[in-house]
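Read through the structure below, which is laid out as structure tokens, and then see the notes.
The values are calculated or read from the model by the stated rules, or taken from the named source; none is laboratory data. A quick note: this is a predicted structure, and the numbers were derived from the prediction, not measured. Here the Cβ positions follow ideal geometry from the backbone for every residue, glycine too, while neighbour counts run over all protein chains shown. Note: accessible area is taken over every heavy atom of the protein model, side chains too, but ligands, DNA and RNA are not part of it. Shrake-Rupley method; radii C 1.70, N 1.55, O 1.52, S 1.80 Å.
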Amino acid sequence: LSDSISGSFSTSSHRCHHKQKHCLPIPQCGTLSISPLLFHPHTKGSQIIMDTTQKAVKRQASFCNAITFSNRPIVIYEQVRLKITKKQCCWSGALRLGFTSKDPSRINPDTLPKYACPDLVSQSGFWAKALPEEFANEGNIIAFWVDKKGRVFYRVNDSAAMLFFSGVRTAEPLWALIDVYGLTRGVQLLDSEIIPPDCLRPRSFTAIRRPSLRRDTEDTRLSVSLCDLNLQEDTFHVTATTCPIPQNSLNSQHSHLLPSQLESDLRFHHLRGPHVKILDDQTVARLEHAREERTLVFTSRPLRINETIFVKINKSNAVRTGTLSYGVTSCDPGMLRPSDLPYNPESLVDRKEFWAICRVLVPLQSGDILGFMVNSDGELHLSHNGAGIGMQVCADCSQPLWMFFVLHGAIMQIRLLGSTILAERLGLSTPSSPTSTPNSPTVLCSGVSGPLLSTCGSGPLCSSISGTAPNSPSSLPESPISPSVSGPWGDECTICYENMVDTVIYSCGHMCLCYSCGLKLKKMTNACCPICRRAIKDIIKTYRST
């Protein structure tokens, strides 16, 4: 016989218990000898890979279908200890921990649902809750146990024990339940310990000052508020609030937009503007000041050619105007000081390094995913929720390029999800596509008088800022020519298509304009080269030698 745990699940909303209950640190009492605690070898989620020792498991893909159980019942006051061995930053939520009175050997693995919360906990005999995301870092050791009153406690590393939830029926045998969910990609079971009851002497919870519900962590950390059990507690009165966005739905919505494997080495650089804060292992940037004047953040390392960087809009405010700005620079942020970061990013044009900055013009909402990729031709491509927008700006990819972001307006918080070389997963335009042709208009440029006389929009909407020193190697490309050039003097102006080309653009060195159109273009705000979009510092008229 086997227990079926499929069928309809409760749709009632779960309540969120934000307040942590603290008890005194556990004294180092002698432990009792018990048999090793392992993962159950057969009853596990479809995405779980288990090693031969049955002590380590890893989720091979997705963010769910990774429920596991212990191989034997646990003992009251036995601490189930596990180490987080792998974290994947592209998801929301983290490890779910709890207990079940159902023997895993009698559960058909095919009937296991995707999620422990809320799917399993809505059924009789299952109790679980989400570990707060800030505790789900690689290397952390988590211990959790149940006492004779059915209260579940947990601790992280050597911290004080905290009340997790209550209501567990201890009259029946209990197996440990571990859901390797979301941010948590892999865990390893350590030796469990039985802590005698006399070693657990928590103070009266009523005598402990309740912590404020306000947490100094990212607002989108929903792990505590999404999968808390809606339990009636006779002993404790815990304030609850409703959960705004189910994590499971959020992850399902984004899973098809991301590759199955993401590199997780990309972080935000420690150098940042004073009005922005870096959180969650340097993967989250959050506005910390209403003035929004100095909110520059950089990637921790240069971009790789054809590497796609995925960024999620963690929080936006529809009441405010403005959007996300981004760009690339040859300036190593490690060589800058916080005082070097300007109030207005456009003033970076005064620096000697290469800087290019654009603004996302499509409307952005919380949960949107942006993809950025610089190809071998130096073209920076953008995608939004899987739809390729095309080339936004050109850069000199012969030198290292760091990416940077400027938070302002409606964009309150962003997260670096990771990166991959598989740019085509987001439908990014390739160099052979029409949108990647350098002299074709992009969505970031506004047309003005003349057939192709266009320049980047005024202000920070889309400005290609180049402050490269005139005597630097990148100031003059080795052989700058227009794609339509057929001979040194036999081409027409790329703007009017009437006069002959006789003007060189400084400092990029492209020769694609007549002098008349060059003068008109130079006078425009944020004028940029029609070929490479670099800022025009000057135009130089040339003369034939014959």
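Over region 490-545, calculate the relative contact order: mean separation of alpha carbon pairs under 8 Å at least 6 apart, over the residue count, as a percent.
Over region 490-545, the number comes to 34 percent.
Met412's amide H: which non-local residues (gap 5+, or another chain) put their own amide H closer than 5 Å, with H modeled 1.01 Å from N in plane and none for Pro or chain starts?
Here Lys315, Ser316, Asn317 satisfy the definition.
Where does each of Ile305, Ile74 land when they are ordered by accessible area, with a 1.4 Å probe and the largest first?
In descending accessible area the options line up as Ile305, Ile74.
Would you mind pulling out the separation of the Cα centroids of region 348-397 and region 73-140, in Å?
39 Å
Given Lys55/Lys83; Lys86/Lys315; Lys58/Lys114; Lys44/Lys148, which pairs have Cα atoms separated by over 18 Å?
Check vs 18 Å cut-off fails for Lys86/Lys315; Lys44/Lys148.
Can you give me the solvent accessible area of Val362 with a 1.4 Å probe, rounded to the nearest 10 Å²?
Surface accessible to solvent at Val362 totals approximately 50 Å².
Count charges around Arg185 for me, please; just the other residues with Cβ under 12 Å from its Cβ, Lys/Arg as +1, Asp/Glu as -1.
+3
Residue by residue through region 334-341, what is 3J(HN,Hα) from phi via Karplus (6.51 cos²θ - 1.76 cosθ + 1.60, θ = phi - 60°)? Round to whole Hz and write x for glycine and proline.
x, 8, 9, 10, x, 5, 6, 7
With contacts defined as alpha carbon pairs under 8 Å and 6 or more residues apart, what's the relative contact order of region 268-421 in percent?
Value for region 268-421: 38 percent.
In whole percent, how big is the carbon plus sulfur part of the accessible area of region 268-421, probe 1.4 Å, protein atoms only?
For region 268-421, the apolar C and S fraction of the accessible surface comes to 50 percent.
Can you sort Lys129, Lys44, Lys86 by solvent-accessible area, 1.4 Å probe, largest first?
These residues rank, largest area first, as Lys86, Lys44, Lys129.
How large is ³J(HN,Hα), in whole Hz, for each residue of region 395-400 in order, when computed from phi with the Karplus curve 6.51 cos²θ - 1.76 cosθ + 1.60 and θ = phi - 60°, using x for Gly and Pro?
Result, rounded to whole Hz: 9, 7, 7, 6, 10, x.
Residues of region 124-197: accessible area per residue at 1.4 Å, in Å²?
29 Å²
Enumerate the amide H contacts of Ala56 below 5 Å, restricted to partners 5 or more residues apart or on another chain; note that Pro and chain-start residues carry no placed amide H.
Counting only residues 5 or more places away or on other chains, the set is Asp51, Leu189.
Of the options Thr308, Val393, Gln365, report the single residue whose Cα projects farthest towards the positive end of the charge dipole of region 268-421 (beta-carbon charges: Lys, Arg +1; Asp, Glu -1).
The one lying farthest along the dipole's positive direction is Gln365.
Would you mind checking which residues have amide H under 5 Å from Tyr506's amide H? H placed 1.01 Å from N; only 5 or more apart, or other chain.
Lys537, Asp538, Ile539, Ile540
As a test question: what accessible area, to the nearest 10 Å², does Thr323 have when a 1.4 Å probe is rolled over all protein chains in place?
Thr323 exposes around 20 Å² with every protein chain in place.
In terms of Cα to Cα distance under 17 Å, which lysines are near enough to Lys541, apart from those fewer than 8 places away along the same chain?
Leaving aside lysines fewer than 8 places away in the same chain, those within reach of Lys541 are Lys520, Lys522, Lys523.
For region 183-192, in order, what is each residue's ³J(HN,Hα) by Karplus, 6.51 cos²θ - 1.76 cosθ + 1.60 with θ = phi - 60°, in whole Hz (x at glycine and Pro)?
Per-residue couplings from phi come out as 4, 7, 9, x, 9, 10, 6, 9, 4, 7 Hz.
Determine how large the accessible area of Cys394 is when every protein chain is in place; take a 1.4 Å probe and give Å² rounded to the nearest 10.
Result for Cys394: roughly 20 Å² accessible.
Could you please put Glu307, Glu263, Glu353 in sequence from largest to smallest accessible area, using a 1.4 Å probe?
From most exposed to least exposed: Glu263, Glu353, Glu307.
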